[in-house]
1. Kindly evaluate A:L458 against the criterion of being over 13 Å from A:V254 (Cβ atoms), in contact with a helix residue (DSSP H, G or I) (Cβ under 9 Å, 6 or more places away or on another chain), at pLDDT 95 or above and not in a strand (DSSP E or B).
2. Determine if region A:67-75 includes at least one residue that is surrounded by 19 or more Cβ atoms within 10 Å (Cβ to Cβ), charged (D, E, K, R), within 25 Å of B:C511 (Cα to Cα) and within 14 Å of chain B (Cβ to nearest Cβ).
3. Is it the case, given these coordinates, that A:V41 is within 14 Å of chain B (Cβ to nearest Cβ), among the hydrophobic types (A, V, I, L, M, F, W, C) and touching a strand residue (DSSP E or B) at 6+ places or on another chain (Cβ under 6 Å)?
4. Would you mind finding the one in A:I149, A:I124 that is under 24 Å from the mean Cα position of the chain (by Cα), within 13 Å of chain B (Cβ to nearest Cβ) and β-branched (V, I, T)?
5. B:S182 passes all but one of (1) closer than 28 Å to B:Q680 by Cα; (2) not in a helix (DSSP H, G or I); which number fails?
6. Restricting the first residue to region B:636-647 and requiring it to be farther than 12 Å from B:G286 by Cα and touching a residue at least 12 places away in the same chain (Cβ under 8 Å), which pairs with a second residue that is among the charged types (D, E, K, R) and part of a helix (DSSP H, G or I) meet a Cβ separation below 6 Å and a spacing of at least six or different chains?
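The values are calculated or read from the model by the stated rules, or taken from the named source; none is laboratory data. If you're wondering where the values come from, they're calculated on a predicted model, not measured in any experiment. So basically every Cβ, Gly included, is an ideal-geometry build from the backbone, and we count neighbours across all protein chains shown.
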Amino acid sequence: MERVLIANRGEIAIRIMKACQDLGLDYVMIYTKEDQNSLHVKLAEQNQKDRKRLFRVSSYRDPNDLFEVADITSSTAIHPGYGFIAEDYRVARRAVTRERPIKFIGPRWQVLKDFGNKINTKKIASALGIPSIPGSEGPIYNEMEAEDIAVRLFEMQQEQGIPNPSILIKPSTGGGGMGIEEVVHIDQFRRIYRQVRNYSKRQFGDEGVLIEQYIKNVNHIEVQLVCSQHKEIVHCGTRNCTIQTGRRQKRIEVAPGLDFSQAYKFDPQRILETIISYSIRMARYVDYDSLGTWEWLVTKEGTPYLLEVNPRIQVENAVSSRITTFKNRASSINLIREQIRLALGDKLGYKQNDLSFKGVSIEFRIVAEDTKRGFIPWSGCISNFQLPTYSWLDVYTHVPNTEPYVIPSEYDPNLALAVVWGETFKEAKERGLKFLSEAIIEGENGYGDPVTTNIEFLKNNIDNLCRYNYSGCH
Amino acid sequence: MEAEKRFLNLENRILYLIDIKGDNIYPGFFELKAKADKLKKNFYQLSSGEILSEMESLEEMLAFYEIKAERDLTPMEIARIVRNPQRFTLRDILDNVYDDYSELGGAGDCNIDPAIVVARADISRKIGNRIYSHQVMVIGHEKGKGEEFRNGGSAKPWGNEKALRYMKVAETEGIPIHIYISTPGAYPIEDYPGSAQQIARNLYEMTKLKVPIISVISEGGSGGAEAIGLSDMRLMLSHGYYSVISPEGAAAIEGKIPEGKKAPKELIDFCAEQLKITAQDSLSLGVVDRIIPEPPLGARKEDDGFFRRLRYEMLRATDEVVLSTKTFRTLRAYSVKRRRKMPIEGEFDVDIRWELSHKERMRLLRLRSKKYRSMGTRFFVDLRHPFKKFMDKASSGLRYFYTEVYFDLLKKHKRSVEKVIEEVSQEGTIALAPIKNPFKSIYTFIKDRFPRRVLRPIDHRLPVNAVADFGEIYVSPLANEDRVITCPNSHTHGCLDLWVPDLYGDLHGVCPNCGHHFPLEYQWYLKTLFDKGSVREFNSHIGSTNSIGYKGFDRKIQGDQKKTKRKSAIITFLARINGIELVVAMLYSNFRNGTVGAAEGEKFVLACDHARALKLPLLAYVHATGGIRIHEGTVGVVQMPKCTMAVREYIDAGGLYIVVYDNNSYAGPVASFLGCSPYQFAIKSSNIGFAGPRVIRETTGEDIPPDYHRADNALKRGHIQGIWDRRTFRKNLYMALLTMGGKNLYYR
């Protein structure tokens, strides 16, 4: 009997739990002190009549605690969810190489390691002739060399007639957009280069930086791949995640990746097919063996650039699940269930031809944040949380609707994911607006200020879906 | 009155003998003591005749015991003679050997360091009826007579700095330096300029000080002695001692005595004997040049004859050093040599002037270099077949010759021609500017209107990776364990426990949260620091031996040789970093805790010479060093000046000498050939210092904080130039090779 340790919190923990139940697998849930009122804890509590399934740990990030729980409960697999340890190849490696090995629900650790490194991803891409963002192919330590690259990037943009050319300097280690600076003129380069280099040295202990062309006015489109350990690869279409906060956090995702009813300067069908085939080529090359997302930037002119590979389940997996249906079973796919099943060694059991795509699905991330003040998180107590129910709507949340819930300040103030579906873009957007208008979220913080959420922001941006030339396209 | 004085003297002699013999005092001696006590008690009841006869018999008995004591003097007893308060001090020498002197930089306790006394002094000789006097700089340790502030002649870092300053004054003024060493050891504190670092600086400067230096050892306590001991002529007093460590210290280490407890007397005596600390031992080990005889049981303050002898010996030694630099010296040398047969000071035939010409100074330095380089060369084994030895010599000789021809003859010439061309063309540019400028501006104007349309591809040059490549990496055998380690900083930095295979695998033994460095074995550095497969070891056949015949040490050496499969505590090799070839000398902890003896010193010197001949940069990577190997006694100690000599000559030849400390680096090596480098770096979390916490507590009586020797404190005190992260060691080293060092490197 397989037993899955769910090493995450909130809505994803609940979704993994349900997937385990569907597959007939046992599971173990963990939580931290701050999360004791979360729904994921309450659901797990209810389900431990026959045996203990809920354990408190000091942190979701501490692999020592996780493996301790795994050993006590004799778990056979660990599901990292997203965030925390999901992309930490060391944890994945430790899981499978320790004296009592545990299956890591995700790709092999070697693959995690390769894709965890921006530079290496770029190297693999260019070896396969897949376009990635022009710039340095490795960390630069030498100022002269750095300037040389910057000069050429500016020249190249001028030759392509790009208005307002600019480049980005990023620390070569680290992530999450930390320390990235823009350079709009070569004369600023040295000053900003040194600034980023010093930041990187202070923050990550390494002076290396990456220099890239800053590609503007793009759509952020991603390709969902499902791969098994038996060299089988299928895709579940594309998603568009261009609508993000000022800090590059996704807020609305839509599948499919482009709206064919809109006018583009390029053939949208062909572009989506191109990035899907590039993604599959790369997955095949590295012998990818789990779920994964290939993220692309597509310019207004229709040039795609590989941004990065996310070797894990993503928050927005449900929009792809919703529109991907089995031709002969008339049911849609469940990506989390597939991920667990494949990690335990199953074969896919179907081919690309068995899948078809039906309709449009939009996901709204409802977050307690102040969208007018730089998206700063709001913390306080949610006293009333009522979301409507419809047949075309799925809601994933860890906020209980029967009792007040205090948002822990240690974690992101995500409240719910709402996934709507419609036959067409038009219908999906209308249903989305309907849902957002009916959602009731009330509460206040210690100062008596009412809760601020991003619902207005989501409403205002529905019309920007899959479009170019608006402020959100960077 | 006369009788009282005579009795007082008698009593002093009795007490002195008791002090020196300690527990080994002859049983019959107590009878003598009792008689003397009785005489003292009844002194005023007895008639002068009775006193006189009684005293005569006592003196006779005492003389008998004194002769007996002198005959079977043990090394530990010699140590007690040297430490006895009745022994003369530097002040007595200044009063009796020199005619006139003025102390510089100190009066009593009003002094930056009263343990070191510096004086400008006159020393004179009589030839016929004329008196000739010479100016010298006298520098030495002053133990003082009951003067607490003198610290028993234990010099603080700034005391040694003062000594160096006045040595340079002597150099400027061209007068010889007379040095009197009488110290139990240097005061082990790290405050700027730092014990170890200052000794290293002194040695570094003294290797090429352009005046004759004569030193006399009375109490030669290891590093403290070396701080001012590098000289052209090393004299030793017959009742002095010269040692790598005090017999008590050696006993504490040998017997693993816990702090606060005393080592058993037998063990101390054993160590004193095994360390070969006497004058006769030092002479036969070749670490001193000559012995100055003292009266039986050692010279005391009132031994006028001894001071006359000392004056004569100092004059003669200085003469000899000066004459050795002269080309035309046969007759005068003969005259000096003849004196050697004279029992005691006599008249000199000629006056030898002590000023040296430029050429003579150069010869002086050459001779000094030769003298130190030959020290200890008898005390290691070379296990090569004679034919192999010959072939090795021939092949390196060929390479040296090639380097010399290519760089010194061809390249130097080319460079100077280029320089001339460059200068001429620059002059020309300036002269032509007024004519050229109008055309140039037109050209620029046109060029800007039609910009180039060439698209150059983005450069894909490989960067310097912090540690090796993404490919296979060397994994420490420490990683083969499924367990976790707690970072020592976890309570302050909140570090998570580290899984051992990760920590010693791709985390390179560094806590990813706080950057604490866990120790790694030396092989890790061999495998990851240098270009793959570029490490080529040389002189691996030179091995350590039991150089001074320390009882029971053969077994220890053999044990370590078996354990490490190496012959000494230093590995010297050629390697490359991103294509740049360099010479590396690596002291590692597994062999006698990285201590330095004759074999290690010789290998280090050979590495310096190899680097110099081939114009390669030189890296001394100190995985760990516990100091000078105490089992090699003074043969080990002289490796300090010897290796510093080689380093100095390497640096002067325009090389690049980088020292990187890791884990724990202490004592002698840091206080000489490591500490003298202008580029010293430490790996994070390492310790650098002169003496360990225990020695500091025992000598200074003060406790030190646990991070006293930490790299960041060493940096704060100005002892090192920077702290390197192990993960960026390779990159930093590469940058150092490119940007630091002299002009005589093959890749420049």
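1. No, not satisfied.
2. For region A:67-75, residues surrounded by 19 or more Cβ atoms within 10 Å (Cβ to Cβ), charged (D, E, K, R), within 25 Å of B:C511 (Cα to Cα) and within 14 Å of chain B (Cβ to nearest Cβ): absent.
3. For A:V41, the condition - within 14 Å of chain B (Cβ to nearest Cβ), among the hydrophobic types (A, V, I, L, M, F, W, C) and touching a strand residue (DSSP E or B) at 6+ places or on another chain (Cβ under 6 Å) - is not met.
4. Exactly one residue qualifies, and that residue is A:I124.
5. (1)
6. Listed by first residue and then by second, the contacts come to B:M640/B:E226.
Okay, residues lined up against (1) in contact with a helix residue (DSSP H, G or I) (Cβ under 6 Å, 6 or more places away or on another chain); (2) free of Cβ contacts under 8 Å to residues at least 40 places away in the same chain; (3) part of a helix (DSSP H, G or I):
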position	(1), (2), (3)
A:I149	no, no, yes
A:F154	yes, yes, yes
A:Q158	no, yes, yes
A:P163	no, yes, no
A:L168	no, no, no
A:E182	no, yes, no
A:D187	no, yes, yes
A:Q195	no, yes, yes
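For (1) part of a helix (DSSP H, G or I); (2) surrounded by 24 or more Cβ atoms within 10 Å (Cβ to Cβ), each residue gets a yes or a no:
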| position | (1), (2) |
| --- | --- |
| B:K603 | yes, yes |
| B:A613 | yes, no |
| B:V635 | yes, yes |
| B:M640 | yes, yes |
| B:V660 | no, yes |
| B:F681 | no, no |
